[in-house]
Protein chains: 2
Amino acid sequence: MGQAQILSRNQQIVLDIIEKANGPLKAYSILFNVQKKGINAPQQIYRALDKLIEIGKIHKIESKNAFVACRNSNCEISKATAFSICESCEMVDEISDVKLSKYLSSFNDKKGTKYKRFNLEFFGLCKKCK
Amino acid sequence: MGQAQILSRNQQIVLDIIEKANGPLKAYSILFNVQKKGINAPQQIYRALDKLIEIGKIHKIESKNAFVACRNSNCEISKATAFSICESCEMVDEISDVKLSKYLSSFNDKKGTKYKRFNLEFFGLCKKCK
DNA sequence: TAACACAGTGTTATAATATAACATATGTTA
DNA sequence: TAACATATGTTATATTATAACACTGTGTTA
Ligand SMILES: [Zn+2]
Ligand SMILES: [Zn+2]
Ligand SMILES: [Zn+2]
Ligand SMILES: [Zn+2]
């Protein structure tokens, strides 16, 4: 566990919106939501997003170009991420499964290469959509 | 194993380029490479890419918005994909590891949900870059 | 044969996602 | 204070992807 991170104004605004959302948010939808707070340009959003990802507060869902808050205090700064994604309602859940995480973190390929980081995305139907 | 798929002209052109490449290709770089063959518009590329993905001939590397040929006759039509990605030289290798694939294909989350599909991306340094 | 469905093509236009570049501001440390 | 790092604001542009529509060829079937 690192120091509690002090966020800048823009970083905090963006994080608040992502944490309040009940699903993944796209960069431009975040932008439209914060224009009343004086943030006007995509750069401002993307810079905040980059920082929030770097410190592990949010994750990018690569298959959706969207962003979710980290709900898992155990995922060490985005080095080992896994998500469950509903193909119908777009819901995303962060998976926190210690066994899975250990299995993948220690995975070696056939040449013995170990990896610094992984991202895993599962697709299916969520409980509600099944 | 399904029927051998007959590809259309554009699909074959796009597949040939991706198969000859020694790394992931971006849609617009494919486009620039086939303009001499009479393909002029992004739509033509994206339609071919969609089809090739659907039939499992290529995969999309989500974190790079790029496309690679499938090197793994065992990966059932893109339902279970895993890649090793070099953070330095951008090289991508498709991982074909039966144990890994079985482990993830049979993974249940805490609520017992099983998934239809997954995509896993490992990041690190390739042999050459280490 | 005509009618139809279906997959693919060609084309123009536009939407959505992301970064470059530069000037300014603010906070921390030497 | 000066030097430095980090963040901000802004304009412009690059990159990635889709919408919409007209058209072609091929096979099915009424
Ligand atoms: Zn997390
Ligand atoms: Zn759902
Ligand atoms: Zn494959
Ligand atoms: Zn490399």
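The values are calculated or read from the model by the stated rules, or taken from the named source; none is laboratory data. Predicted, not measured: the structure shown is a model, and the values here were computed from it. In this analysis, Cβ positions are derived from the backbone assuming ideal geometry, glycine residues included, and neighbour counts consider all displayed protein chains. Areas reflect the complete protein model, heavy atoms only, side chains present, ligands, DNA and RNA absent. Shrake-Rupley method; radii C 1.70, N 1.55, O 1.52, S 1.80 Å.
Mean separation of Cα pairs under 8 Å and 6 or more residues apart, divided by the residue count, gives chain A a relative contact order of 21 percent.
Could you tell me what % of all Cα pairs in chain B have separations over 26 Å?
Details: 2383 of 8385 pairs.
That fraction is 28 percent.
Shape annotation for region B:1-63: C-alpha extents along the principal axes are 34, 28, 20 Å, from largest to smallest.
Mean sequence separation of contacting Cα pairs (under 8 Å, at least six apart), scaled by the length of region A:9-69, corresponds to a relative contact order of 42 percent.
Using the Kirkwood formula on the Cα atoms of region B:80-124, what hydrodynamic radius do you get, in angstrom to one decimal?
Values: mean 1/r = 0.0861 Å⁻¹.
In region B:80-124 this quantity evaluates to 11.6 Å.
Legend: calculated FRET efficiency, B:Glu87 to A:Glu87, from the Cβ-Cβ distance at R0 = 22 Å, rounded to 0.05, equals 0.15. Projecting 7 Å from Cα along the Cα-to-Cβ direction, the label point of B:Asn40 sits 4.0 nm from its equivalents in the other copies, listed shortest first. Within chain B, which is the longest segment containing none of the GluC sites (Glu not before Pro) that sit in a DSSP loop and have at most 16 other Cβ atoms within 10 Å? Between exposed loop sites, the widest span is B:1-86.
Computed from phi, the 3J(HN,Hα) profile of region A:111-117 under the Karplus parametrisation 6.51, -1.76, 1.60 (θ = phi - 60°) reads 8, x, 5, 9, 10, 7, 6 Hz, with x in place of Gly and Pro.
Assuming a viscosity of 1.567 mPa s and a temperature of 4 °C, what translational diffusion coefficient in µm² per second does Stokes-Einstein assign to the protein assembly as shown, Rh being the Kirkwood radius over Cα pairs? Don't jump to the answer; show the numbers that get you there.
Values: Rh = 20.0 Å.
D = 65 µm²/s.
Residue ranking by accessible heavy-atom surface, 1.4 Å probe, largest first, among B:Arg117, A:Arg9 comes out as A:Arg9, B:Arg117.
Cross-linked pairs A:Lys102/A:Lys130; B:Lys102/B:Lys128; A:Lys127/B:Lys60; A:Lys127/B:Lys116; B:Lys57/B:Lys79; A:Lys20/A:Lys127: Cα-Cα separations exceed 20 Å for A:Lys102/A:Lys130; B:Lys102/B:Lys128; A:Lys127/B:Lys60; A:Lys20/A:Lys127. Computed on the Cα atoms alone, the convex hull of region A:46-90 gives a volume of 77 cubic angstrom per residue.
What is the percent of Cα-Cα separations in region A:54-118 that go past 18 Å? Don't skip to the answer; put the middle values down first.
Details: 853 of 2080 pairs.
Value for region A:54-118 (Cα pairs over 18 Å): 41 percent.
Inter-copy label distances at B:Ser88, using a point 7 Å along Cα-to-Cβ, come to 4.7 nm with the shortest given first.
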